[in-house]
Amino acid sequence: MDRPLRLIPTDPLDKLARTLEALLVVASAPLSVDELATAANDDPERIEDALRLVGERFADERSGIVLEHVAGGWAFRAGREEAAACARLFERPAQRNLSQAALETLAIVAYLGPCSRPDIARIRGVAADSAVANLLERGLIAEAGRDNGGGGAVRYRTTPLFERIFGLDSLSELPRLDDVGADMAEIRDRLHTVAEKRSA
Amino acid sequence: MIVRELELDLDAFEGPFDLLLALVLKEELDLRDVDLAGIVTAFLERLAEREELDLEACGEFLVLIAALLELKARALFPDEAAELAELEPEEAAEELARRLAEYRRAKEAAAWLRDRLAAEGDRYFRLGPAPCAPKVETPLAPQDPESLAQVLRLLAQEPPEVSLSHMALRFPPVSQFLERFRALLQRRSRFDFETEVGEMTRLEQASAFLALLELRRAGELSIEQAAPFAPIRVLRLEASPAKPTTPGQKTATPSASLGLTQENPAEDERTAAWTVRSA
């Protein structure tokens, strides 16, 4: 026999893909490859292969379900074409109606988190209590320890739900904000002009 | 009803509301001295005089009073302003610019989030808590069925019956014997301790002995014993007539005596190898 023996896996990839579909349909939060591997009792590399298979299966126009990588895991969601029907079935989720104060607070927590209410209040110039309570209630932020090694103010970070609502795989997908623009330099100049007049 | 014409009569200010506002804005009146609750009360009184609810006046008043409250709160906590005021104008300008830039970034980030939310608004997915907590597998080491059977056999045995004998121990109150010995000494000037308590149980004898010591301490009687193990003779003290012990002593002594008898129930008066003489 000159051809080498090939090891045939106990379960074909096709069957593993079916298992992953089942796991993803019962899960209410994105599942990581490791979680899927543990549940399916298979190794992570084969899970990745099987996930590709599942993705292909749902990619064509025949299905209203989409497989996506979001919030650090894999999850099913409704296809965008079906949003109108979903909207008729469900009320608009509370997470999608955010006030300017809530959005600014959420932005600060997402970019600078974990951070405390005093941190947020310092940047926004007004108390952050109600905006923080609002975001907590909607599940977009969660407590993440305290300042000063446990004794200080409660700190907050964004939740996986935040990433999912905003369609982010992780917080590193947030755009960089280093460039505050030319008008900021203009404002600075004006402030300095005022300061010179004052000190003169 | 016109809010600005609301007449106020406060400690720090008397006159129409709009004059107060003007004075505050010109910094001729320190808001820290103004009782804002008084203004609210005045407004509510005016409001109650009318039959109809004047929503427009309410709205206007709410805006004005809220602004005043904010100004007053800032005046009461001037730390941040002082922080900036202490700086040189150049430094203050730089600090302000830094804060503005920081806030500008936050606003920019918020704007990005708003756009993103609008663009991703048609994302629908299953939401909610996990149906059950994730299952955690804890593999057990292989077990020997025989050892399991042994443990089960142990569990199947009836436990030994709990002894309740100690529950029957009743410590007769010392006070009971105090009364008894006092009554006895009214009738007789002396008695023999052993003949009085000979019929009793050992616990009763112990309590009776403590009562005897208590009466001796109170100076109501004297005790004599010729030799160790000799009969204990109790004598009435003629000099001091029997006076009742105070309630405090009565309640304190039995509990102390109980401790004594529980610890050394065998030590009754027979083993006491000493003689007490009256003072």
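Just for region A:113-160: of the residues that are among the polar types (S, T, N, Q), touching a residue at least 24 places away in the same chain (Cβ under 8 Å) and out of contact with any Leu (no Cβ under 7 Å at 6 or more places or on another chain), which one is nearest to B:ARG104 (Cα to Cα)?
We begin by selecting, within region A:113-160, every residue among the polar types (S, T, N, Q); these are A:116, A:130, A:134, A:148, A:158-159.
Those still in the list that are touching a residue at least 24 places away in the same chain (Cβ under 8 Å) too: A:116, A:130, A:134, A:158.
Right, trim to out of contact with any Leu (no Cβ under 7 Å at 6 or more places or on another chain) and you get A:116, A:130, A:134.
Working: A:SER116: 19, A:SER130: 21, A:ASN134: 22 Å.
Among residues in region A:113-160 that are among the polar types (S, T, N, Q), touching a residue at least 24 places away in the same chain (Cβ under 8 Å) and out of contact with any Leu (no Cβ under 7 Å at 6 or more places or on another chain), the one nearest to B:ARG104 (Cα to Cα) is A:SER116.
Only a single criterion out of (1) under 22 Å from the mean Cα position of the chain (by Cα); (2) free of Cβ contacts under 8 Å to residues at least 24 places away in the same chain is not satisfied by A:VAL33, namely (2). For first residues located in region A:64-76 and assigned by TED's automatic domain parsing to the domain that holds A:THR38, partners that are surrounded by fewer than 19 Cβ atoms within 10 Å (Cβ to Cβ) and among the hydroxyl-bearing types (Ser, Thr, Tyr) and lie 6+ apart or on another chain with Cβ distances below 8 Å form the pairs A:ALA71/A:SER170; A:GLY72/A:SER32; A:GLY72/A:SER170; A:GLY73/A:SER32; A:TRP74/A:SER32.
So in region A:62-96, with the set limited to residues that are facing chain B (nearest Cβ under 9 Å), modelled with pLDDT under 85 and not in a helix (DSSP H, G or I), which one is nearest to the chain's Cα centre (by Cα)? In this case the residue turns out to be A:PRO93.
For the residues B:ALA130, B:ALA110, the requirement of being facing chain A (nearest Cβ under 7 Å), under 47 Å from the mean Cα position of the chain (by Cα), modelled with pLDDT under 80 and under 17 Å from A:THR159 (Cα atoms) singles out B:ALA130.
Of the candidates A:GLY167, A:GLY145, the single residue that is away from every other protein chain (no Cβ under 13 Å) and at pLDDT 80 or above is A:GLY145.
The values are calculated or read from the model by the stated rules, or taken from the named source; none is laboratory data. Here the structure is a predicted model, which means the values were calculated and not measured. With ideal geometry, Cβ positions are generated from the backbone for all residues, glycine too; neighbour counts draw on all protein chains shown.
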